[in-house]
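Colleague: First, the structure itself, so that you have it in front of you.
Just so it is clear, none of the values below were taken in a lab; they were calculated from the coordinates. The structure displayed is predicted, hence computed values, not measured ones.
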Amino acid sequence: MKNMTTQDNLKEAFAGESQANRKYLAFAEKAEQEGHKQVAKLFRAAAAAETVHALNHLRVMGAVGKTSDNLKNAIEGETAEYRKMYPEFIEQAKKEKGLDAAILSFDVANKVEKIHAGLYTQALDNLGKNKVVDYYVCSICGNTVEGSAPERCPICNAPEEMFRKID
C-alpha cells in the first residue's frame, strides 16, 4: 500500500461519499418506481448523510474558498472535462465497439460541461453585480440554460416540461 497522507485520505473520502450520495439517490428513484416508498426514503436519508460527510471533508481539505476562487476552480474543472477527459473517454469507448450508450452518455456530458464552463465564466464576470438569472436543468441530459426553459432541449431534444427550475 502506498504512503497516503491525510490530505490524500480526505480527497478519497470526499470522492467516495460524493459517489455514494449520487448512487443512493439513483437507488431511491428506482425504489420509488417499484413502489417501495419506505426504502426510497431510507436511501434519500442516507444520501443526505453522505452529502454532510462529503462537505465536511471538502471543508477540512481547504477546498472551499472565496466565491471568485470557487468559480475559477469550477471553470478549470469543467474546461478540463470537456477539452480532455470526455473526448478521451469517447475515443476509448469507440475503440471498444458496441458501447453506444456510453458514447452517448459521455458526449452529452461533454456538451453540458462546456456550457457549465461558460456559465461559470459569465458568473465570474458578473460577480458582485447582483444580476438575477433563473437557471433550468434538463432532467434527461443535464443541459443547463439561463433565463427560461427552451421549447426543446438543444442537446437531447427533450420537451420544455423536462426542464426543472433551480432555486
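Colleague: Restricting to Cα pairs below 8 Å that are 6+ residues apart, what does the relative contact order work out to for the stretch 49-142? Please round to a whole percent.
Modeller: Rounded, it is 33 percent for the stretch 49-142.
Colleague: If you don't mind, there's one more thing I want to ask. Taking a 22 Å limit on the Cα-Cα distance, which of the listed pairs 23/72; 72/95; 84/114; 11/111; 66/129; 30/114 fall beyond it?
Modeller: Exceeds cut-off: 23/72; 72/95; 11/111; 30/114.
Colleague: OK, next. Determine the shape class of the stretch 1-56: with a ≥ b ≥ c the square roots of the Cα gyration tensor eigenvalues, call it rounded for a/c under 1.5, and otherwise prolate if a/b is greater than b/c, oblate otherwise.
Modeller: prolate
Colleague: Shifting gears a bit: According to the square roots a ≥ b ≥ c of the eigenvalues of the Cα gyration tensor, what is the shape class of the chain, taking rounded for a/c under 1.5, prolate for a/b larger than b/c otherwise, and oblate for the remainder?
Modeller: rounded
Colleague: Over the chain, what is the relative contact order in percent, taking alpha-carbon pairs closer than 8 angstrom and at least six residues apart?
Modeller: Relative contact order, the chain: 15 percent.
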